[in-house]
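Throughout, read-outs are computed from the coordinates displayed, never taken from laboratory work. None of these values were measured; they are calculated from a predicted model. When we count neighbours, we look across all protein chains shown, and the Cβ atoms used for this are built from the backbone with ideal geometry, even at glycine.
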Amino acid sequence: MTESEKKIRAKIPGEDTGIEVRRSLCAICSPSHHCGVDCYVKDGKIIRVEGTPEHPYNHGKLCTKGSSLRNYVYREDRIKTPLRRVGQRGEGKFEPISWDEAYQIIAENLNRVKEQYSAHSVAFFSGYCKWYRPILHRMAHVFGSVNFGTDDSTCVTAKILGDKVTAGCGAGPDMAHARTFLGWNYDGYYSAHLSVAGVQKLKERGGKVIIIDIRDTPASKNLADLFLKINPGTDGALALGMAKLIIENGWADMDYVEKYTYGFDRYKALADQYPLDKVAEITGLDAEKILEAARLYATNGPACTNYSASALVHHINGFNAHRAILCLSALTGNFDRAGGNVPNPPTYLHKPAGFKVREHEFRSDRYPGGQERIGAERFPLWNQLYDEFQAVDLLRQLEEGEPYPVKAIFGMGMNAKMLPETDKLLAAMAEKLDFFVNTDLFMTLTCKYADIVLPACTSVERGELKAYQGGYLTYTRPVIPPLYESRSDVDILCDLARVMDLDDGLLKQGYEACMDWIIDGCGLTVADLKASDLPVKVPVAKWPAEAGKVLSGGFKTPTGKFEFYSETIAAIDPRYGLDPLPVYTDSLADQNDPETREKYPFYLCTGARLAHALHSRIHETPWLRSLRPDPTVEVHTADAARLGLKDGDRAALSSPYGEIRMVVKVTSKVKEGVLMTLHGYTEANVNELIGRNHVDPYSGFPGFKGMRCNISKIQEA
């Protein structure tokens, strides 16, 4: 073997090996983390992927998912050409067609529905990835439809709305100046892995860490000074109980409360209903641990809190549970204070970067009005505060056709598995829709129901704009050309804008022109960004976020203060029964009749994060699937012994709504009586066990993390 052959085998870049390092980003965890990657390219193919050491966000580190990027890009089930359905919806029979033919079919069918019904009868929907959403959002409105929706209908938005009605904004933990970290639903080893270093540094300087979770995790084992293993769905009761302890022990910052908050007396009266013994019984926690957690958080300040993006609000009481936890930060004077939780508004696509862009104006200044969005009547708080339709109500509106029919869906990465009773939703789409188009990388379950399927490319086959914390912007360049006949999502949208002759000059000019319009005023252009293969510091950016701005300028709430009692909620029609206070209700309140409790005695949680999984997005990526090939249910040791279950057994999980089959994993990490599953497997879609009406009335979010169920061993023939 020659020296050159040895270097090629070792994948060493250089002129003699023909291997070149090209930089991009990993968009698997869209939209938040987008770590920088170095792609080793030889003969037009990626042969190796590493983290970019000089990248200001991930500093060369990659999680399991990012490390599998090459395996993801070259999956054998990539959609290679535009496809037209030739079989029945759901059958998965298609024939290849040209891009021009696909565009023409889409344009004709969308315009036909618009003419026959109205533009609002066409729903535009975005799933993964999320980078193109401002373009699709604007396109929906220019087309004339109010109905733009995304998977935000079940992801993070409930937390965002809870922040809005309580504090007027969100706020992130100021780890660098904190003495105590309250990690509520926190496990950075499995999710947001870059955050672990900040917690470790806090401990190194003598800080304290409280972890609250429903199961043992690496964070509870490696980071926690105090671990509270709480009963699932009872977080709101714990937060109110902690508030009572903080108030009655004189640990509250009453100067802060009197100056900056609204509704304290009513909030105190609510907290008084949660004495320590009652909270211990509800949460399954030791009373002394609850008292110690309240004392440590309130007296060892400044203290910051991790607010769960999704896990907590995936209960039917999750919206108010988040609000109750958020209220603790104001009660102790830790909201908008150094070392507490400091507001840091998003710059672009939910990512805070310390400067403003015109994303909202770009998305929404063409809003057509003239009709209510899907879900508006059912979820008025969502509709008032968020400029998307609530997709949880899509199934009902498809079936009933009220207040108007939905006859076409233009989807990009649409995944019906994100919603309860998935099979019923797909059946309604098959029966009620005149036309359905979906864009994706892979032939998903949802794509099989489409009339036209379009092939998208991955992040390393396109260029895109991305903002990063620290005050950075980047515009990536393709590492390799788009594989097969796949195209960038934004190229597809801008092509369609031209084919349909939509009344929008920006969309017709293309993605880069749109991005230049959005970032105008930040001191950089797309051309400037494209000149660098690393993120560029934005001249007007201010980072880190400065504490105290909200306190001095006022909260963006009706009262101008932090609202323990939300006047926004109080203004909602009383017939919806929404309480302005962060009240606690049982997360199984709709399933507590004696018959249901007896038939379905277990508490089902549809999974925390795993380091190698992201919903259903990458279960078919071979490297990652090999880490947990079978859909798995975790069963407590005592429950398994009582039911005669052991590792590797096949078991049926059932609820009032359906049944799936999974492989048993016996563990002591979960609590007795709780079943923990991983969602996303097509062959065992746990959302079939979740009822369409098992939802939080404030946000519309399904109760994915709290459902009654049963488990039984399958007797194999």
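A few points about this structure:
- In the stretch 179-236, the ratio of gyration radius to Kirkwood radius, Rg to Rh, stands at 0.96 when only Cα atoms are counted.
- Normalised by 2.2 N^0.38 Å, where N counts its residues, the alpha-carbon radius of gyration of the chain equals 0.95.
- Computed extension length for Glu485-Ser32: 160.3 nm, one decimal, from 0.36 nm per residue of separation with the Cα-Cα distance subtracted.
- Cα-based reach from Lys466 at 13 Å (exclusive), listing aspartates and glutamates while leaving out same-chain residues under 8 positions away: Glu359, Glu512, Asp516, Asp533
- Structural size metrics of the stretch 171-342, computed from C-alpha coordinates, are Rg and Dmax of 14.7, 40 Å.
- Computed over Cα pairs, the Kirkwood radius of the stretch 430-522 leads via Stokes-Einstein (0.692 mPa s, 37 °C) to a diffusion coefficient of 214 µm² per second.
- According to the Kirkwood relation over distinct C-alpha pairs, the hydrodynamic radius of the stretch 295-381 is 16.2 Å.
- Cα-Cα over 18 Å, subset of Lys424/Lys448; Lys221/Lys705; Lys61/Lys203; Lys201/Lys351; Lys203/Lys244; Lys80/Lys424: Lys221/Lys705; Lys61/Lys203; Lys201/Lys351; Lys203/Lys244; Lys80/Lys424
- Taking the average, over residues, of other Cβ atoms within 10 Å as the packing measure, peptides 443-452, 6-15 rank 443-452, 6-15 from highest down.
- Computed lengthening from Lys356 to Ala107, 0.36 nm per intervening residue step minus Cα-Cα distance: 86.2 nm
- Between Lys6 and Glu400, the modelled labels are 7.4 nm apart [label points 7 Å from Cα along Cα→Cβ].
- Sorted by Cβ density within 10 Å, fewest first, the residues Ser364, Ser145: Ser364, Ser145
- Helical runs assigned H by DSSP (4 residues or longer) give the chain a calculated mean residue ellipticity at 222 nm of -8500 deg cm²/dmol, each run adding -39500 (n - 2.57) before division by the residue total.
- The order of the peptides 634-643, 499-508 by mean Cβ neighbours within 10 Å, most packed first, is 634-643, 499-508.
- Put simply, the C-alpha atoms of the stretch 589-713 give a gyration tensor, and the ellipsoid matching it has half-axes of 23, 20, 12 Å, longest first.
- Partners of Lys356 within straight-line reach, counting aspartates and glutamates whose Cα lies under 13 Å from its Cα and excluding those fewer than 8 residues away in the same chain: Asp520.
- Restricting the stretch 56-133 to GluC sites (Glu not before Pro) that sit in a DSSP loop and have at most 13 other Cβ atoms within 10 Å of their own Cβ leaves Glu76, Glu91.
- Separation of the Asp579 and Ala527 label points, Cα + 7 Å toward Cβ, nm: 5.9 nm
- In this Cβ point-charge picture (+1 for Lys and Arg, -1 for Asp and Glu), the chain has a dipole of about 1500 debye about its Cα centre.
- Alpha carbon centroid spacing (whole Å) that separates the stretch 382-416 from the stretch 682-717: 21 Å
- Order by protection proxy (mean Cβ within 10 Å, highest first), peptides 563-571, 250-258: 563-571, 250-258
- For q = 0.10, 0.13, 0.14, 0.17 Å⁻¹, Debye-computed log10 I/I(0) when each Cα of the stretch 309-449 counts as one equal scatterer: -0.51, -0.83, -0.93, -1.20
- Full extension of the chain segment joining Arg48 with Ala176 gains 42.6 nm, where the gain is 0.36 nm per residue of separation less the Cα-Cα distance.
- Look at where the Cα atoms of the stretch 2-46 and of the stretch 311-369 average out, and the two centres are 37 Å apart.
- Listed by chain and number, the aspartates and glutamates whose alpha-carbon sits under 20 Å from that of Lys229, ignoring those within fewer than 8 places in the same chain, are Asp187, Asp213, Asp216, Asp277, Glu281, Asp286, Glu288, Glu292, Asp586, Glu634, Asp639, Glu672.
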